[in-house]
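Following: one structure in structure tokens, then a few remarks.
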Amino acid sequence: MKKLLMIIAVFCSQGVACTHNSEVTLSESIGSDSEYQEALKKTHREELVVRDLETKNILNVTKLDPSFLEAFRKRAKKVYSTDDFTMLKDIENKTAFFVSVYCDEMDRCNLSNKNLWTIQLKSPSSDVTPAIVRQMSNKGQWEQFFPGITSWSNDFLVIFDAKNAGQAEQLTDSNIELLFANAYANIRFKW
């Protein structure tokens with residue numbers, strides 16, 4: 001025991017492996033952040049598609065509305081000490097969703113492939129297709145904010161721009177339904 005203490009004392013006196021001028025603060029997990037969980041309750045939806053006792057799809061969809069984005073920015077400052085995310089600039093003044101999708105066959109999991117998936121934002125007067133369906137990289141970054149991200153999921157930012165689609169009606173929480181359709185099912189999300 002004395003030899004171990006002597007070795008530790010020598011290392012510390014040499015500045016190796018012992019520092020006393022640093023601080024480590026662990027980030028709060030997504031499940032432990034009660035303020036963020038409140039925002040997620042209002043904007044997150046999950047649907048499971050099962051056929052013949054097999055899970056075919058799991059969709060986790062988070063509507064990126066202004067109140068959620070405020071909570072997102074606060075959490076980003078807690079976790080990364082910044083809220084400077086390109087995603088936030090890309091969705092400004094648009095209707096957007098963060099989508100994590102699991103498919104039983106990975107080649108069926110690309111939401112941007114219009115031969116496999118139909119995505120529409122349905123309102124009382126019209127249907128709008130996404131202006132952008134962007135696959136998101138850096139799962140480690142996004143799993144701090146969005147449920148459903150796993151090593152088996154594909155994650156997307158789906159952006160609708162009603163002005164570019166020629167839609168005069170403002171898309172609001174009370175009048176929209178988000179549709180995902182594929183060979184297995186039509187999955188509708190309402191807020």
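The values are calculated or read from the model by the stated rules, or taken from the named source; none is laboratory data. All of these numbers come straight from a predicted model, not from anything done at the bench. Positions of Cβ are backbone-derived with ideal geometry, glycine not excepted, and every protein chain shown enters the neighbour counts. Side chains included, ligands, DNA and RNA excluded: accessible areas come from the protein's heavy atoms. Shrake-Rupley method; radii C 1.70, N 1.55, O 1.52, S 1.80 Å.
Summary table below
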read-out: Out of S112, S81, S27, S67, sole residue that is within 17 Å of the chain's Cα centre (by Cα), farther than 17 Å from P130 by Cα, small (G, A, S) and open to solvent by 20 Å² or more (accessible area, probe 1.4 Å); value: S67
read-out: Filter result for F146 (touching a Phe, Trp or Tyr at 6+ places or on another chain (Cβ under 8 Å) and in a loop (DSSP other than H, G, I, E, B)); value: yes
read-out: Inter-residue pairs, beta-carbon under 9 Å, first exposed (fewer than 12 other Cβ atoms within 10 Å of the Cβ) and in the range 45-64, second acidic (D, E), 6+ apart; value: E54/D104
read-out: Every residue from the range 84-102 that is surrounded by 20 or more Cβ atoms within 10 Å (Cβ to Cβ) and acidic (D, E); value: none
read-out: Of all residues making up the range 115-129, the number that are open to solvent by 30 Å² or more (accessible area, probe 1.4 Å) and among the aliphatic types (A, V, I, L, M); value: 1
read-out: S137, sole failed condition from (1) open to solvent by less than 60 Å² (accessible area, probe 1.4 Å); (2) under 25 Å from K74 (Cβ atoms); (3) not in a strand (DSSP E or B); value: (1)
read-out: Residues satisfying the stated conditions in the range 172-190, i.e. under 24 Å from F146 (Cα atoms) and either open to solvent by 50 Å² or more (accessible area, probe 1.4 Å) or modelled with pLDDT under 55 (or both); value: T172, D173, S174, N186, R188, K190
